[in-house]
1. Which of the residues belonging to the range 1-54 are touching a strand residue (DSSP E or B) at 6+ places or on another chain (Cβ under 6 Å) and either free of Cβ contacts under 8 Å to residues at least 60 places away in the same chain or more than 27 Å from P206 (Cα to Cα) (or both)?
2. Consider R215 against the criteria (1) of a type outside the set (A, V, I, L, M, F, W, C); (2) over 25 Å from G24 (Cβ atoms); (3) surrounded by 22 or more Cβ atoms within 10 Å (Cβ to Cβ): it satisfies all of them except one. Which criterion is unmet?
3. Condition first: touching a helix residue (DSSP H, G or I) at 6+ places or on another chain (Cβ under 7 Å), among the basic types (K, R) and farther than 22 Å from L266 by Cα. Now tell me which residues in the range 193-243 satisfy that.
4. Do the conditions hold for R37, that is, is it in a helix (DSSP H, G or I), of a type outside the set (D, E) and over 25 Å from D214 (Cα atoms)?
5. Quick test for you: out of T9, T5, T34, pick the one residue that is among the polar types (S, T, N, Q) and at pLDDT 95 or above.
6. Could you please find all residues in the range 82-115 being among the charged types (D, E, K, R) and either within 23 Å of F262 (Cα to Cα) or modelled with pLDDT of 90 or more (or both)?
7. Would you mention how many residues in the range 13-34 are charged (D, E, K, R) and assigned to a loop (DSSP other than H, G, I, E, B)?
8. Would you check if there is a residue in the range 59-81 being over 23 Å from A256 (Cβ atoms), in contact with a Leu (Cβ under 6 Å, 6 or more places away or on another chain) and either not small (G, A, S) or not in a helix (DSSP H, G or I) (or both)?
Amino acid sequence: MLDETLLDTPDALARADRLGLLRGAAEAGARVRTAARHAVEAGIAELKPEGRPRALLLAGPGTAASGVADLITALAGPTVPVTRLGPSGVASAAGALRWALPGWAGPVDLLLITTTDGTEPGLALLAEQAYRRGCTVVAVSPRRSPLTEAVVGAHGLSVPLATAPYDGHQRPEEVPESAAAPGSFWSLLTPLLILLDRVGIVTAPPETINLVADRLDRTAERCGPTVTTYGNPAKTLASELAESLPLIWSEGTPAAPAGRRFAAVLGELAGHPALAAELPEALPAHSALLAGGFGGGAADPEAATDDSPDDFFRDRVDDPQTLRPRVVLLRARPAGGLTAAPAARELALAHDAPISELEPEEGVELEALAELIATTDFAAVYLALASA
């Protein structure tokens, strides 16, 4: 159950937010600016690459690193092959994960490592393996972490993770930040955008990075805890998603990774299941969920029989709750101006499924992405804090 009164009580929200998730979401713009400064100080802006790498390899644990890899894959498009390296196994009885390079990786490839922890022994071993293969290694990780030392030892480039203020001071480096925290995504992504702009894979010059930070600030103003639900798109979305199964349908290049990240963050932060798919493929992929018994909350066949008829006047408080599908349409400007949004609305209407829509203001592609991610991050946090 969602406590809607909590959403419009900023003091109560602050007390419930023991992990500082709302503050992290609000500081996303500041994280981008700090991360950009760290990238410049690390020397990324002065790099003079000799052409593009043959392939990008991305490794890192958690929702933030996964979202970074997904977004870079979408932005790179056909420019360069992108391979996400998932853990290849467990390296110790303690459960430490192991990563391995593909057999073809070599001197013309670029390995990008992102983590909010930096103590993972498997990532340090991966950096050493890349050095032996001749791969260039760039990592974004906490300053003075074991991974940072390993990357420097492998003659790679390490960018310190941009952290948020912590109790009036900088967050202590020995306190790792949650990988699911909203600000972590931007701390990991921003240096890589600047790097990939330098090697000609994505377009993210300094002025675009500033536009992203400004858009994040404006979105935080609209979605902040002091803004009432009526005028707050994130609180409104959180209220609409309570007791529903979100079917997150995305349209447009920036919206697709934003939709997949939203589904992942809902699960990790709010413990709320969600499914993500891109239009138009989402229509056949999820139509059965809208039309089937799951969507209508089919009754238990044993609940009503001739011997035990359903008691119309029974107390239904203890009845199991049914998650009813709700379409969440995330839209950016589709290529060529063609859109599947009308068909999506028609399908939802045909099955009496409610629909929520988010469409960012005009701007460059990364600005649209920033607004979608910031709004949905706030929504996931509100749902987590206000759900009993």
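The values are calculated or read from the model by the stated rules, or taken from the named source; none is laboratory data. Treat the numbers as computed from the prediction; the structure is a model and nothing was measured. Glycine also receives a Cβ, built like all others from the backbone with ideal geometry; neighbour counts cover every protein chain displayed.
1. Kept after step one, since they are touching a strand residue (DSSP E or B) at 6+ places or on another chain (Cβ under 6 Å), are these residues of the range 1-54: 2, 38-39, 42, 53.
Within the range 1-54, L2 is the sole residue that qualifies.
2. So the condition that R215 fails would be (2).
3. Across the range 193-243, the qualifying residues are R198, R215.
4. Details: in a helix (DSSP H, G or I): yes; of a type outside the set (D, E): yes; over 25 Å from D214 (Cα atoms): no.
So R37 does not fit the description; no.
5. Values: T9 fails: at pLDDT 95 or above; T5 fails: at pLDDT 95 or above.
Only one candidate passes the filter, namely T34.
6. We begin by selecting, within the range 82-115, every residue among the charged types (D, E, K, R); these are 84, 98, 109.
Once the filter is applied, which keeps residues that are among the charged types (D, E, K, R) and either within 23 Å of F262 (Cα to Cα) or modelled with pLDDT of 90 or more (or both), the range 82-115 yields R84, D109.
7. Step one: list which residues in the range 13-34 are charged (D, E, K, R), which gives 15, 17-18, 23, 27, 31, 33.
When the remaining residues are screened for being assigned to a loop (DSSP other than H, G, I, E, B), the result is 17-18, 27.
Residues flagged as charged (D, E, K, R) and assigned to a loop (DSSP other than H, G, I, E, B) within the range 13-34 amount to 3.
8. Going through the range 59-81, the residues over 23 Å from A256 (Cβ atoms) turn out to be none.
No, that holds for no residue.
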